Amino acid sequence: MSSQKKRTFQIEAFKHRVVVDPKYAEKTWKVLEHAIHEIYNHNASGLSFEELYRNAYNMVLHKFGEKLYSGLVTTMTSHLKEISQSIESAQGEIFLEELNRKWIDHNKALQMIRDILMYMDRTFIPSSHKTPVHELGLNLWRDVVIHSSKTQARLRDTLLELVLRERNGEVINRGLMRNIIKMLMDLGLSVYQEDFEKHFLSVSANFYCLESQKFIETCDCGDYLKKAERRLNEEIERVSHYLDPRSEIKITNVVEKEMIDSHMHTLVHMENSGLVNMLVDDKYEDLGRMYSLFRRVPTGLTVVKDVMTAFVRDTGKQLVMDPERLRDPVDFVQRLLDLKDKYDKIINMSFTNDKTFQNALNSSFEHFINLNARSPEFISLFVDDKLRRGLKGVGEEDVEIVLDKVMMLFRYLQEKDVFEKYYKQHLAKRLLSGKTISDDAERSLIVKLKTECGYQFTSKLEGMFTDMKTSYDTMQGFYASQSDVGDSPSLVVHVLTTGSWPTQPSPQCNLPSELLGVCEKFRAYYLGTHNGRRLSWQTNMGTADLKATFGKGQKHELNVSTYQMCVLMLFNNADRLTCKEIEQATGIPLLDLKRCLQSLACVKGKNVLRKEPMSKDIAEDDTFFFNDKFTSKFFKVKIGTVVAQRESEPENLETRQRVEEDRKPQIEAAIVRIMKSRRTLDHNNIVAEVTKQLQSRFLPNPVVIKKRIESLIEREFLERDRVDRKLYRYLA
Amino acid sequence: MRKEDTVKLISAEGFEFVVDKEAAMVSQTIHNMLTSPGSFAERQHGEVTFPEISTTILEKICQYFYWHLQFASSIDLNSENLAVVSGKETEFPIEPELTLELMMAANYLHT
């Protein structure tokens, strides 16, 4: 092209000489001007494109480009003025239609004119830096028609009025709307933004401000959210139908701000229908709606999350602090699980499993579970209950689910060592009384604990299982070696490793003489096979089966504890005994004795003893008789001890103390470990490190840590720095 | 060949060349003539008169249209053919005495 242009120079010089007519330019322009008129009047059919093109071509070629261009501007302007007037005179409804029709006309005419004057577009305009014909036409249309004093405001108002009518539910001509908006966008983004979008947004803000005010006064939270969501969708749909896609984010921002952001707190806290009510009533749909709407505004989810957290903490606190609940630990834990399930479901169904919500929920649970110091005990009791009886008839997978849930609660506990303590106790009881219903479930739970807290946590629990197994083998060996067992009662001994089991030093009770023989035999057998061991009887943990004959000759087999057995055996030789006498004869600690007498004499249907006076409580000088009139439809009668399902207050204190005692060496070990690697460290850092190390088991108290440090200094593991008294040194 | 698909080009001396529209539209000017909205005379009648172009030149132009149609597009599409295209047999022959006038017409027709 450029090479051609260079040659045009030669041609031009050549042509120039040919043209002599000074009126040439004037005449040619007249022809073109006439053509433009005709085009605007829809009369172009008679015109010859070639002729017009040739005229324009020649004008440009002969240096009349300037004249051609300015002539075009004047002619087009005058035409647009006419159009503008006819649009202005259009009344009411047809205003937009007229505008649209004229716009289409103008576009068509503009294209024709551009085609005719293409040569000017191609050569003259770039070299003289003028606006190309098409753009010129649009600019003129904008300045003359759209920005004419009467039309500009009217157009804006008409458009906004139509939007308002649509918002109020009327059907409007969306196609026309789209064309007009498209026209504004064709005229340049700034025209669209200045003449329409800006006003549109501010009017919308007003509209939604008023509407939301009205809604919030009349609707409950759920309805409001429904309405807000519908409005939002309407606006998005509106944008997709006839606005610039770039407006979507702006108008949704307006709706979000007016409908949600400014009423957020009112909505969440709305009485009888706010977030709290939705949570209580499990309104998944409403909650989901709230989530998706509030997510759109910056602090929305934080507000929802905070309210939910506060509410969960509150409910949880009420639950764990409720003295009613404390009576039934199984129910207590079940309620915790239900609560967790409920919120898990809400987060899953309504909050799209949002991680931040899950974290908030977890921290709330952690917070309130640890409010009650007995939570570890109760959780262990719950497991105990499930493993004793609750899991009958349910499939293995269900067992796993229940255990998994319990583990989840366990994870929230800060005092995991307390749980361990209780769990050990409960497990020991289950194993010794043979009440475990499923070995698999027991083992699976231990595996879970192991993955959660490490080998150290469960090694003793596993030791308990091993003891059970070896005891079984030992008993077989024992009976195989005893050729003549004779009449003596059969004995089953569980040999328990000290340390693995929660044994308490209990005073030896006096076993009935019938038993002593076989016990001695076993002791001899056991010590004969295992050198250097010591056996001591834990009579407080055993059970016994007794055959008893009652007054009318009916026989029953009584399943009782070792203590109860000792008491009942006394009645073989006596008719009446006082509590005091029994205590002296058996040597059972008074507290345990009372408990076992209570279960023998005061439980209806199992009262193999009679008591005078008849009362619930046992006093020291109460008298007991063998109850000849005892009857039962069962051959086997199981007499449970009145087991304190949950620990009594003093016992609880005792356990606490033992836990505290157990913690001491752990804290000391941690301190020594840390100091060994650091050599010197200041007080605050030690406390922080120890807390961190022990976090998985319990939260050590700083005061206790300080005491341990002092004790270690006394024992010369550590010393204080001579200059800086806050600094400790490790003494190797 | 249907009438709608062709266009009649008329030279200054009145000679008529009937060519495919597709070929004629190689010229941007003719393209605009035949596609511009509204109905100009050329579009209605399917003929274009060029009072400033002689028969010899117009004939050469028509030849060029077809040459362009055949080779220009293949250059765009497939660069492997470029060597063949630039070879002797595909070169578009222009007699030196026609050069000047042909250049002027090319400028006018925007080809």
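Computed from the coordinates by the stated procedures, all read-outs in this text should not be read as laboratory data. Just so it is clear, the structure is predicted and the values come from calculations on it, not from any experiment. Cβ sites come from the backbone with ideal geometry, for glycine too, and all protein chains shown count toward neighbours.
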Checklist entry - In what sequence, highest mean first, do A:526-534, A:327-335, A:353-361 appear when ranked by Cβ atoms within 10 angstrom? => result A:327-335, A:353-361, A:526-534
Item to check | Farthest positive-ward along chain A dipole, Cα basis, beta-carbon charges - from A:Phe357, A:Ala524, A:Asn510 | outcome: A:Ala524
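Using a simple charge model, +1 on the beta-carbon of Lys and Arg, -1 on the beta-carbon of Asp and Glu, nothing else, what dipole does region A:559-708 show about its Cα centre, in debye to the nearest 20?
880
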Item to check | Cβ-based net charge around A:Arg576, under 14 Å, with every Lys or Arg adding one and every Asp or Glu removing one | outcome: -3
Checklist entry - When the Karplus curve 6.51 cos²θ - 1.76 cosθ + 1.60 is applied with θ = phi - 60°, which whole-Hz ³J(HN,Hα) does each residue of region A:542-550 get, with x for Gly and Pro? => result x, 9, 8, 10, 10, 9, 10, 10, 9
Checklist entry - Near the amide H of A:Ser561, under 5 Å away, which other amide H atoms are found, from residues 5 or more places off or on another chain, if H is placed in the peptide plane? => result A:Ala544
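Diagonalise the Cα gyration tensor of region A:649-730 and give the resulting equivalent ellipsoid semi-axes, square root of 5 times each eigenvalue, largest first, whole Å.
Details: eigenvalues 132, 34, 21 Å².
Semi-axes (√(5λ), whole Å): 26, 13, 10.
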Checklist entry - Using θ = phi - 60° and the Karplus curve 6.51 cos²θ - 1.76 cosθ + 1.60, what whole-Hz ³J(HN,Hα) does each residue of region A:461-469 get, with Gly and Pro shown as x? => result 5, 5, x, 5, 5, 4, 4, 4, 5
Next on the checklist: Let's see if you can work this out: charge +1 on each Lys and Arg Cβ, -1 on each Asp and Glu Cβ, no other charges. What is the dipole magnitude of the protein assembly as shown about its Cα centre, in debye to the nearest 20?
Outcome noted: 3400
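Restricting to Cα pairs below 8 Å that are 6+ residues apart, what does the relative contact order work out to for region A:375-529? Please round to a whole percent. Let's see the in-between values first.
Values: 105 pairs, mean separation 36.8, N = 155.
Relative contact order for region A:375-529 comes out at 24 percent.
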Checklist outcome for this item: Shielding of B:45-57 by other chains, given as the mean Cβ count within 10 Å, works out to 1
Item to check | Options A:Val418, A:Ser615, A:Cys579, ranked by Cα towards positive dipole end of the protein assembly as shown, top entry (Cβ charges) | outcome: A:Cys579
Checklist entry - In debye to the nearest 20, how big a dipole does region A:543-638 give about its Cα centre with +1 on each Lys and Arg Cβ and -1 on each Asp and Glu Cβ? => result 620
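Test of understanding: given chain A, find the longest segment containing no GluC sites (Glu not before Pro) that are in a DSSP loop and have at most 15 other Cβ atoms within 10 Å.
Details: sites that count: A:Glu93, A:Glu170, A:Glu271, A:Glu620, A:Glu716.
Counting only loop sites that pass the neighbour cut-off, the longest clear stretch is A:272-619.
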Checklist entry - Expressed as an acute angle from 0 to 90° and rounded to the nearest 10, what is the orientation of the C-alpha long axis of helix A:649-678 relative to the principal long axis of chain A? => result 60
Item to check | Tilt relative to chain A, helix A:65-89 - C-alpha long axis, 0 to 90 degrees, to 10 | outcome: 70
Checklist entry - Over chain A, what is the relative contact order in whole percent, taking alpha-carbon pairs under 8 Å and six or more residues apart? => result 6
Checklist entry - Counting other Cβ atoms within 10 Å of each Cβ, which trypsin sites (Lys or Arg not before Pro) in region A:207-239 have at most 12 and sit in a DSSP loop? => result none
Next on the checklist: If you take every residue apart from B:Gly14 with its C-beta less than 14 Å away from the C-beta of B:Gly14, what net charge results, scoring Lys and Arg +1 and Asp and Glu -1?
Outcome noted: -4
Next on the checklist: Tell me the net charge near A:Gln213. Cut-off is 13 Å between Cβ atoms, A:Gln213 excluded, with +1 for each Lys or Arg and -1 for each Asp or Glu.
Outcome noted: -1
Checklist entry - What average count of beta carbons from other chains do you get within 10 Å of the Cβ of residues in B:95-108? => result 3
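How crowded by other chains is B:29-36, given as the mean number of beta carbons from other chains within 10 Å of each beta carbon?
5
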Checklist outcome for this item: From the cross-link list A:Lys460/A:Lys638; A:Lys386/A:Lys421; A:Lys226/A:Lys355; A:Lys130/A:Lys198; A:Lys108/A:Lys130, the entries with a Cα-Cα span beyond 20 Å are A:Lys460/A:Lys638; A:Lys226/A:Lys355; A:Lys130/A:Lys198; A:Lys108/A:Lys130
Checklist outcome for this item: The simple spin-label model distance between A:Phe465 and A:Tyr284, using points 7 Å out along Cα→Cβ, in nm, is 3.7
Checklist outcome for this item: With the charge dipole of the protein assembly as shown built from beta-carbon charges (+1 for Lys and Arg, -1 for Asp and Glu) about the Cα centre, the Cα from A:Ile347, A:Ser84, A:Ala56 projecting farthest to the positive end belongs to A:Ile347
